[in-house]
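Since the structure comes first, as structure tokens, the remarks are kept for the end.
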């Protein structure tokens, strides 16, 4: 089986979409599935306004059609709602092709934070975009239920995983005053980092990542350590050296960094919003509180062993199997009923 995945987010970008698709490509190989990607690498690109390090593709319908036809894929999945995703949707709609899609980003909140555009308008556009899909994939049951309540059809669960061999407890010391409160991710306005950096906390606040806000935040918060981007073993060591992982974002649909921290044996402090609430729930591996400082201090008392055990139950292999089940359902055609299948989770992948 060959699956063509259309995505506007791709390397060298560092974000959850790129990480998830990369891990899917590796995990599905063991299941006899080849994933091929239609990405910005095939088109002329321009810098995204406000995010100069992110390249926005400028695809043409003719080239998108040629690339899809050359791929000779058995199924098509649209991962993002950008220019590439839009033209792939157009291609599939005009030819009556079955397609699946995934919901990664809460664009209504992102857009309304920057522009005077009502969230309801953006939700309407997203509903239309995903209306073609026989499987609209959401990372958690609560997100799937929310999408269904907002009028999305054919919503199905696609859980995320974590590389527990890379992200694991280690004996690492950053040489900083303890406790170490760590945040990892894009340094941009939607990540709400000021909510973390403004806190009066003991020890040291550490930020790993890069983005358009980094220089201004470094100037404003002299007491915090900004380490820039880190990858692989160096990133894993940084996680393991932390005492608490702080996730101040209020707009992420999941947050792979939450699982990476937990696999490293580091408890989470976050707001009780979609993302951390859906990943952690009521399990005592994180402290969720509207008072982020109180959450940070409470997380210091949580068991690192419990955090590790929680993460070990979430693998990329299980994620890949769920992804392929949803692909197969979509490839048989949409249900046409408008009913969500968010709780349908077959135990074994089947043709």
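The values are calculated or read from the model by the stated rules, or taken from the named source; none is laboratory data. Note that the structure is predicted; figures quoted are calculated from it, not measured. Cβ atoms come from the backbone with ideal geometry, glycine included; neighbour counts cover every protein chain shown.
For this structure, a couple of remarks:
- A single entry from 265, 255 fulfils the requirement of being farther than 24 Å from residue 106 by Cα and either touching a helix residue (DSSP H, G or I) at 6+ places or on another chain (Cβ under 8 Å) or at pLDDT below 95 (or both): 265.
- Long-range neighbours under 7 Å by Cβ, at least six apart or interchain, first residue under 21 Å from residue 249 (Cα atoms) and assigned by TED's automatic domain parsing to the domain that holds residue 186 within the range 110-126, second surrounded by 11 or more Cβ atoms within 10 Å (Cβ to Cβ) and at pLDDT below 95: none
- The lone exception for residue 4 - which of (1) over 18 Å from the mean Cα position of the chain (by Cα); (2) loosely packed, with under 15 Cβ neighbours inside 10 Å; (3) closer than 21 Å to residue 105 by Cα it fails: (2)
- Exclusive hit being modelled with pLDDT of 95 or more, surrounded by fewer than 20 Cβ atoms within 10 Å (Cβ to Cβ), over 30 Å from residue 32 (Cβ atoms) and within 20 Å of the chain's Cα centre (by Cα), set 293, 230: 230
Conditions (1) under 21 Å from the mean Cα position of the chain (by Cα); (2) closer than 26 Å to residue 325 by Cα, marked per residue:
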{"site": "69", "(1), (2)": "no, yes"}
{"site": "85", "(1), (2)": "yes, yes"}
{"site": "97", "(1), (2)": "no, yes"}
{"site": "111", "(1), (2)": "yes, no"}
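- Residue check, residue 282 over 20 Å from residue 205 (Cβ atoms) and free of Cβ contacts under 8 Å to residues at least 12 places away in the same chain: yes
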